[in-house]
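A.B. asks: I'd like to ask some things about the structure below.
The values are calculated or read from the model by the stated rules, or taken from the named source; none is laboratory data. If you're wondering where the values come from, they're calculated on a predicted model, not measured in any experiment. Note: ideal-geometry Cβ built from the backbone for every residue, glycine included; neighbour counts use all protein chains shown. Keep in mind that these areas ignore ligands, DNA and RNA; they rest on the heavy atoms of the full protein, side chains included. Shrake-Rupley method; radii C 1.70, N 1.55, O 1.52, S 1.80 Å.
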Amino acid sequence: MSEADNGQQPRIGAAQLARVAPLLAGVLVLLAAWFGWSAWQQFRDDARRTALVEARDRAVQGAQAALDAERKRLDNRLARPDVQAALATGDFAAAGRLLGEGWPQLREAAVVPADLDAEYAALAQSRAPGRYGRLMVLEAALTENASAVGVVRGSGGGDLALAAPARADGQLVAVAFVRLPLALLTAGLEQADVADHSYLALRQGSHSVVERGDRELANAAEVLATTIPGTDLRVAAALPERAGGLLGLDAAASSIAAAVLLLLAYVAWRLPRRLARAGAPEEEHAPEPTLAEQAALAPVPHTAPVPVAAAPMPTTSAESAVAEPAARPAAYDIDRGIFRAYDIRGIVGQSLDANVALLIGQAIGTVMHEQGLTDIVVGRDGRLSGPALVDGLISGLRKAGRNVIDIGMAPTPVVYFGAYHLRAGSCVAVTGSHNPPDYNGFKVVVGSETLSGDAIVDLYERIAGGRLHEADTLGSLGQRDISEDYVQRIAGDIQLERPLKVVVDAGNGVAGDIGPRVLRAIGAEVVPLYCEIDGTFPNHHPDPSEPENLHDLARMVDTLDADLGIAFDGDGDRLGVVSRQGVNIFPDRLLMLFAADVLERNPGAQIIFDVKCTGRLPGYILRHGGSPLMWKTGHSLIKAKMRETEAELAGEMSGHFFFRERWYGFDDGIYAAARLLEILAARPQTPSETLATLPDGISTPEIKVPAPNGDPHAFVERFRQAARFDGARVSTIDGLRVDFPDGWGLVRASNTTPVLVLRFDADSAQTLARIQADFRTQLRALQPDLELPF
């Protein structure tokens, strides 16, 4: 009788399985140990990060408390009757002595005249340590009209310096200055428990005042930097690159995987005994257990996949789709209105939050996946909503399998620079640009192409239709600080032939740190104004295209007798300029200066400008041997046209400047400022004299009018059809621009807000009034109740 007839074949298979089972159990134990080690590493890294962040925050809090106490002491002493009496009589030496009497640990106290003439003279005659830093703190107190803090050099190292305006009878008469031990500021940082593989530092500008821990991590420390409120000082922190989990799993998921593998190893180890009992004679004819029964004997708990992210991933309905791969892709309800012509922008808490950011990130990652692109740079401006939106965005990008390089808080042009410098080719700047604090958004570059128009709409349609790619393995996350690379890249190409003194107004935007650093690196003397990064924009709206936002800058340029005033918008991609005489140099006139310079080296080059620029610009470009081209307004639209035409330079009336010659072709207000100073410093005339030679006329700034029914595009289309301007050249590239022989007028729809944008330019005030009257008549004929401020 055959073995099969004897019923022996099942027992032979069971014996073979019994021999393999211990080996299988051993492999499963090793895998469980591997996943457990990965989980332990990640838990350790998380603990290190938590400890370092806590140490950083304690250092910031300690420094802030010490500074608040010393500032209060300074204010109280300035208000004392004896000090006020000395100030009123102009006896500043006596005021300084009285100011410092009985001040614990004081190293110096002085009261100096508000004109600072003596301080500048002393700087020219003396090389004493700390003299330049002392002057900068005094200037900052005058500029901010409040107490200022800085670290200055001293005979025994660094000192803490405080300065504050000194008033008598309500009038500014002097500036008070005190110098104290640096230990008051650094005690918390010096006492912090910093692990061997961690880094903590107090920084002022690009200088590290005090460093603790592993200095090899210094270049990555700005990602975790936190500003000491009310100062230009910050505490920076860094850790080694986080350990990556096996198969992209985070610590919790790795722990679960280890537990499941151990359970399976136990089942495999017990399997020979079960098989032996199954093969015993008394149970020879017992029925084989079914699959369900086996599962009941060795249940394996079902757990939903745990997503991996640099920060907790926002909960979305996408997670349920992961658990049920056979289900149809989920569609998401998202506000289509945030997908604009040039970028994505909305109000935080209404149309924009971390969950929306996750979906946007996954949609961008989907587009990258389809183009075979893997790496992307992410950065953010200084808005309070930035960190949460970045966390969501990164989670979505990694969910789509993209590798993310987070450069932390940085101006938008630095994010663009990162895409080139780090050879990623793609980037996202999380920024609300020049909009109010409650706005935020995303400027997106995929494969070196800035998304706009239909490409932006495509992101919405992918999200709304659930057409989002989800990778088998999450993408990686790394952190880099490239700010110094950006500074050195510009300084390596641009150096001023002679020093120029400039006041820089960053409007409390994200360019407040790196903008002055760049201009100092190329040889300018920089006085900062509103350069403390503050996402609430407490001093004025960060939009240099609005003349009222330049008033403080113009006043400070006059007060300090500076050569020029430079203004940046909220994310640093736009430039505003004020001359020594307080004249707002409109961007279309700056573009003339840039064009003439570029055309000296590139005769015949294409120069692009938007429809809001002066009618004198094309003739100026032609006279300097260039080829002018008018195009639609919008930074992404201009960049696309530059790629198409291979233009060397482009500019917009809003203050965006795009240099392809010697740069990368993206809009960069900081780089444009450096190029401007380079041109002005090379001329024998003063900057004001050079700027005054540019053709000018009578022009208005942008006039913004609420659109009827909130739909500017519909109104402009109606106006195009109805308007009649005899003897003029009409352009419909972007809205309706009407050029007369002696001037022009424009009506276009804003692509970012529900307003009409109007601008007028003419050879004389009478001509300007005539053109405005013609437009007013035809606009009111179409919409009698239209609010026109001219």
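A.B. asks: Provide the gained length on full extension for the span ASP196 to ASP493, in nm with one decimal, where the gain is 0.36 nm per separating residue minus the Cα-Cα distance.
C.D. replies: Going from the current span to full extension adds 103.1 nm.
A.B. asks: Rounded to the nearest 10 degrees, what's the angle between the helix 412-421 long axis and the longest principal axis of the chain, both from Cα atoms, 0 to 90?
C.D. replies: The angle comes out near 60 degrees.
A.B. asks: Suppose we keep just the alpha-carbon trace of region 647-790; what are its Rg and Dmax in angstrom?
C.D. replies: Cα radius of gyration and Dmax of region 647-790 are 18.1, 54 Å respectively.
A.B. asks: Taking 0.36 nm per residue of sequence separation and subtracting the Cα-Cα distance, how much length would be gained by fully extending the chain between TYR266 and ARG601, in nm to one decimal?
C.D. replies: Between TYR266 and ARG601, full extension yields an extra 113.0 nm.
A.B. asks: Mind jotting down the three principal axis lengths of the chain based on Cα atoms? Whole angstrom, largest first.
C.D. replies: 118, 79, 50
A.B. asks: Which angle between 0 and 90 degrees, to the nearest 10, do you get for helix 131-144 versus the longest principal axis of the chain when only C-alpha atoms count?
C.D. replies: 80 degrees
A.B. asks: A follow-up question, please. Expressed as a rounded percentage, what relative contact order does region 342-488 have, with Cα pairs under 8 Å and six or more residues apart?
C.D. replies: 33 percent
A.B. asks: So what's the projected area for region 591-633, the Cα convex hull averaged over all directions, in nm²?
C.D. replies: That works out to 2.5 nm².
A.B. asks: Same structure, new question: Given the DSSP H assignment, sum -39500 (n - 2.57) over each helix run of at least 4 residues in the chain and divide by its residue total; what's the result at 222 nm in deg cm²/dmol, nearest 500?
C.D. replies: -13500 deg cm²/dmol
A.B. asks: Largest first and in whole Å, give the semi-axes of region 20-140's equivalent ellipsoid, each being the square root of 5 times a Cα gyration tensor eigenvalue.
C.D. replies: Equivalent ellipsoid semi-axes, largest first: 63, 18, 9 Å.
A.B. asks: When 1/r is averaged over all different Cα pairs and the result inverted, which Kirkwood radius in Å belongs to region 175-242?
C.D. replies: Mean inverse Cα-Cα distance, inverted, gives 12.7 Å.
A.B. asks: By how many nm would the segment from ASP558 to ARG58 grow when fully extended, if each residue of separation counts as 0.36 nm and the alpha-carbon distance is taken off?
C.D. replies: Full extension of this stretch gives 175.9 nm more.
A.B. asks: Just to confirm a number: summing +1 for Lys and Arg and -1 for Asp and Glu over residues other than ILE338 whose beta-carbon lies under 15 angstrom from that of ILE338, what do you get?
C.D. replies: Local charge sum for ILE338: -2.
A.B. asks: Follow-up. When a/c is below 1.5 the answer is rounded, else prolate if a/b is larger than b/c, else oblate, so apply that to region 387-462 with a ≥ b ≥ c taken from the square roots of the Cα gyration tensor eigenvalues.
C.D. replies: Taking the square roots of the gyration eigenvalues as a ≥ b ≥ c, region 387-462 is rounded.
A.B. asks: Evaluated at 10 °C with a viscosity of 1.306 mPa s, what Stokes-Einstein diffusion coefficient in µm²/s does region 336-391 have when Rh comes from the Kirkwood expression over alpha-carbon pairs?
C.D. replies: Translational diffusion coefficient: 128 µm²/s.
A.B. asks: At SER627 and PHE790, where each label point lies 7 Å from the Cα along Cα→Cβ, what is the point-to-point distance in nanometres?
C.D. replies: So the label points at SER627 and PHE790 sit 3.3 nm apart.
A.B. asks: Under Stokes-Einstein, with the Kirkwood radius over Cα pairs standing in for Rh, what whole-number D in µm²/s applies to region 598-713 at 4 °C and 1.567 mPa s?
C.D. replies: In µm²/s, the coefficient rounds to 83.
A.B. asks: Give me the lysines in straight-line cross-link reach of LYS641: C-alpha distance below 19 Å, same-chain residues under 8 apart excluded.
C.D. replies: LYS443, LYS612, LYS632
A.B. asks: State the volume of the convex hull built on the alpha-carbon positions of region 493-566, expressed per residue in Å³ and rounded to an integer.
C.D. replies: Roughly 86 Å³ of hull volume per residue.
A.B. asks: Could you tell me how far the Cα centroid of region 564-632 sits from the Cα centroid of region 442-499, in Å?
C.D. replies: 26 Å
A.B. asks: With a Förster radius of 45 Å, plug the Cβ-Cβ distance of ALA252 and VAL457 into 1/(1 + (r/R0)^6) and report the FRET value to the nearest 0.05.
C.D. replies: Efficiency, from the Cβ-Cβ distance: 0.75.
A.B. asks: So, with a 1.4 angstrom probe, what is the percent of accessible area on region 324-425 that is carbon and sulfur?
C.D. replies: Carbon and sulfur: 49 percent of the exposed surface of region 324-425.
A.B. asks: Given the chain, what percent of its DSSP beta bridges are antiparallel, to the nearest 5?
C.D. replies: Around 70 percent of the beta bridges assigned by DSSP in the chain are antiparallel ones.
A.B. asks: Related question: Could you give me the percent of Cα pairs per 10 Å distance bin for region 644-702, shortest bin first, beginning at zero and ending with the bin that holds the maximum distance?
C.D. replies: 19, 40, 36, 4
A.B. asks: Here's another thing I want to ask about it. Can you run phi through the Karplus equation (6.51, -1.76, 1.60; θ = phi - 60°) for region 595-607 and list ³J(HN,Hα) in whole Hz, with x for Gly and Pro?
C.D. replies: 5, 4, 5, 5, 6, 4, 9, 9, x, x, 5, 7, 10
A.B. asks: Accessible area of region 644-790 with a 1.4 Å probe: how many percent of it is carbon plus sulfur?
C.D. replies: 49 percent
A.B. asks: With the radius of gyration and the Kirkwood radius both derived from the Cα set of region 723-790, what is their ratio Rg to Rh?
C.D. replies: 0.95
A.B. asks: Per residue, how large is the accessible surface of the chain? Use a 1.4 angstrom probe and give square angstrom.
C.D. replies: Here the residues of the chain average 43 Å² of exposed surface.
A.B. asks: Hey, another quick one. Can you bin region 458-498 into rounded, prolate or oblate? Criterion: square roots of the alpha carbon gyration tensor eigenvalues sorted a ≥ b ≥ c, rounded for a/c under 1.5, prolate for a/b above b/c, oblate for the rest.
C.D. replies: Since a/c reaches 1.5 but b/c is at least a/b, the shape of region 458-498 is classed as oblate.
A.B. asks: If the viscosity is 0.890 mPa s and the temperature 25 °C, what translational diffusion coefficient in µm²/s does Stokes-Einstein give for region 405-542 when Rh comes from Kirkwood over Cα pairs?
C.D. replies: Translational diffusion coefficient: 142 µm²/s.
A.B. asks: Counting only protein heavy atoms and a 1.4 Å probe, tell me what percentage of region 66-128's accessible area is made up of carbon and sulfur.
C.D. replies: On region 66-128, the fraction of accessible area on carbon and sulfur atoms equals 52 percent.
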